[in-house]
Amino acid sequence: MNRLTALNPDTASGKTKTLFDAIHSKMGKVPNMMRTMGHAPALLEGYLSLSGALGGGTLGAKLGEQLALAISEANSCDYCLAAHSFIAEKMVRMDSAAIAASRQMSPIDTKTDAALTFAKHLVEKRGLVSEDDVAAVRAAGYTEGEVGEIVGHVALNILTNYFNNTAKPTLDFPAAAAL
């Protein structure tokens with residue numbers, strides 16, 4: 001049951017209406033998480049801005065979704081797991097085995113494993129990673145900029161995980177509950 005209500009895009013006004021219109025034109029709908037975030041237009045705009053910026057980063061859509069899946073699993077966010085499983089399958093074209101491997105932190109390849117492990121350390125240590133944690137992700141071939149982008153993806157996904165775990169928006173993606 002949702003704890004915060006999702007706004008109706010048809011009756012939204014002001015900044016929220018502008019943001020909803022932009023989301024709808026891009027996605028064909030306004031997902032319930034964003035409809036709920038619409039109560040705080042600054043939050044919704046910040047989320048959209050950071051998400052868009054990271055989407056244009058160097059890590060790519062596939063690794064971005066793998067990070068989102070691993071982080072959402074770590075934070076037991078059913079809404080984000082559903083949304084990112086759907087996005088990974090339908091938009092990034094990841095198969096179900098790759099989605100499951102990302103969620104379970106199963107070996108994928110050396111470089112991806114290093115990014116997911118670093119993200120897991122960031123979540124578990126609340127950002128207080130060690131020299132060894134940074135050295136390991138760098139040794140896997142990530143540049144300083146890419147390490148920064150991984151931190152950005154973790155921050156973005158913690159934001160949405162915490163928001164959704166608080167708001168409990170109604171799922172509007174196929175369910176993919178935490179493992």
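The values are calculated or read from the model by the stated rules, or taken from the named source; none is laboratory data. Quick caveat, the model's predicted, so the values are computed rather than measured. Cβ coordinates were reconstructed from backbone atoms using ideal geometry, including for glycine residues, and neighbour counts include every protein chain displayed.
A few comments on the model shown:
- Members of the stretch 55-69 found to be buried (at least 19 other Cβ atoms within 10 Å of the Cβ) and either within 15 Å of residue 83 (Cα to Cα) or under 12 Å from the mean Cα position of the chain (by Cα) (or both), listed by number: 63, 64, 65, 66, 67, 68, 69
- Of the residues making up the stretch 1-19, those that are without any contact (Cβ under 8 Å) to a residue 12 or more places away in the chain and part of a loop (DSSP other than H, G, I, E, B) number 3.
- Elements of type helices (runs of 4 or more DSSP H) contained in the stretch 103-179, each with 2 or more residues being touching a residue at least 40 places away in the same chain (Cβ under 8 Å) and assigned by TED's automatic domain parsing to the domain that holds residue 75: 110-124, 144-167
- Index of the failed condition, residue 93 passing every other in (1) farther than 27 Å from residue 3 by Cβ; (2) in a helix (DSSP H, G or I): (2)
- Given (1) part of a helix (DSSP H, G or I); (2) surrounded by 20 or more Cβ atoms within 10 Å (Cβ to Cβ), index of the condition residue 42 fails: (2)
- A count restricted to the stretch 20-39 and to residues that are surrounded by 16 or more Cβ atoms within 10 Å (Cβ to Cβ) and either among the charged types (D, E, K, R) or free of Cβ contacts under 8 Å to residues at least 60 places away in the same chain (or both) stands at 6.
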